[in-house]
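Visitor: Right, I'll just put the structure down here and ask away after.
The values are calculated or read from the model by the stated rules, or taken from the named source; none is laboratory data. It should be emphasised that the depicted structure is a prediction, and the values quoted were computed from it without experimental measurement. For neighbour counting, all protein chains shown are included, and Cβ atoms are generated from backbone atoms with ideal geometry for every residue, glycine included.
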Amino acid sequence: MNKFREKLTKFAQGRYGVDHFSKLLMFISLLLLIITLFWRSTLLYSLALVFLFYSYFRIFSKNISKRYSENQTYLNIRYKFLGRFNQFKARCKDQKTHKIFKCPSCRQKIRVPRGKGKIEIKCPKCRLSFIKNT
């Protein structure tokens with residue numbers, strides 16, 4: 001048993017390993033394989049195998065800098081998407097209690113509470129005052 005563990009450890013040395021992008025590829029592969037159980041499609045099955053093989057290729061790769069770069073690209077895309085999604089979610093939640101106006105001069109977004117009637121809004125950026133109904 002110790003010899004097998006030593007051989008496995010020796011094989012794994014210098015390999016890239018599992019990262020977020022590999023996990024995503026494996027998840028997509030698993031999802032596609034589950035879909036092919038209910039809906040027979042050789043295209044989806046082939047695509048699932050391609051994703052699975054590519055994820056294992058990434059895991060056992062010795063080109064660590066290339067795999068790291070790919071993972072960083074994926075994480076940047078994911079961060080931008082989640083940032084936009086979280087902004088949209090916060091805006092929807094905030095929409096019930098606040099209203100957002102844009103300054104007519106500099107286009108700065110200004111958040112004011114709803115239900116205050118006509119109020120004078122002063123832009124924090126350019127100091128222009130304008131009147132709006134909340």
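Visitor: Please enumerate the residues belonging to region 1-54 that are within 23 Å of T73 (Cβ to Cβ) and not in a helix (DSSP H, G or I). Steps first, answer last, please.
Guide: Applying the first criterion (within 23 Å of T73 (Cβ to Cβ)) to region 1-54 yields 14-32, 47-48, 50-54.
If the condition is that a residue be within 23 Å of T73 (Cβ to Cβ) and not in a helix (DSSP H, G or I), then G14, R15, Y16, G17, V18, D19 are the ones that fit.
Visitor: In region 55-134, which strands (runs of 3 or more DSSP E) lie fully inside it and hold 3 or more residues that are within 30 Å of A12 (Cβ to Cβ) and either among the small types (G, A, S) or modelled with pLDDT of 90 or more (or both)?
Guide: Values: elements: 98-102, 109-113, 118-122, 129-133.
Those strands (runs of 3 or more DSSP E) do not exist here; none qualify.
Here's the yes/no breakdown for (1) acidic (D, E); (2) free of Cβ contacts under 8 Å to residues at least 40 places away in the same chain; (3) surrounded by fewer than 12 Cβ atoms within 10 Å (Cβ to Cβ):
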| site | (1), (2), (3) |
| --- | --- |
| I28 | no, yes, no |
| V50 | no, yes, no |
| F57 | no, yes, no |
| N71 | no, no, no |
| C92 | no, yes, yes |
| K96 | no, yes, yes |
| L128 | no, yes, no |
| I131 | no, yes, yes |
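Visitor: Select from region 49-87 the residues that are of a type in the set (D, E, K, R), under 15 Å from D19 (Cα atoms) and more than 8 Å from the chain's Cα centre (by Cα) and list them in ascending order. Show your work before the answer.
Guide: So in region 49-87, the residues of a type in the set (D, E, K, R) come out as 58, 62, 66-67, 70, 78, 80, 84.
From what's left, under 15 Å from D19 (Cα atoms): 58, 62, 66-67, 70, 78.
R58, K62, K66, R67, E70 - these are the residues of region 49-87 that are of a type in the set (D, E, K, R), under 15 Å from D19 (Cα atoms) and more than 8 Å from the chain's Cα centre (by Cα).
Visitor: How many of the residues making up region 20-54 are at pLDDT 95 or above and either in contact with an Asp or Glu (Cβ under 9 Å, 6 or more places away or on another chain) or among the charged types (D, E, K, R) (or both)?
Guide: Residues that pass the stated criteria total 2.
Visitor: How many residues does region 13-36 hold that are farther than 16 Å from S55 by Cβ and small (G, A, S)?
Guide: 1
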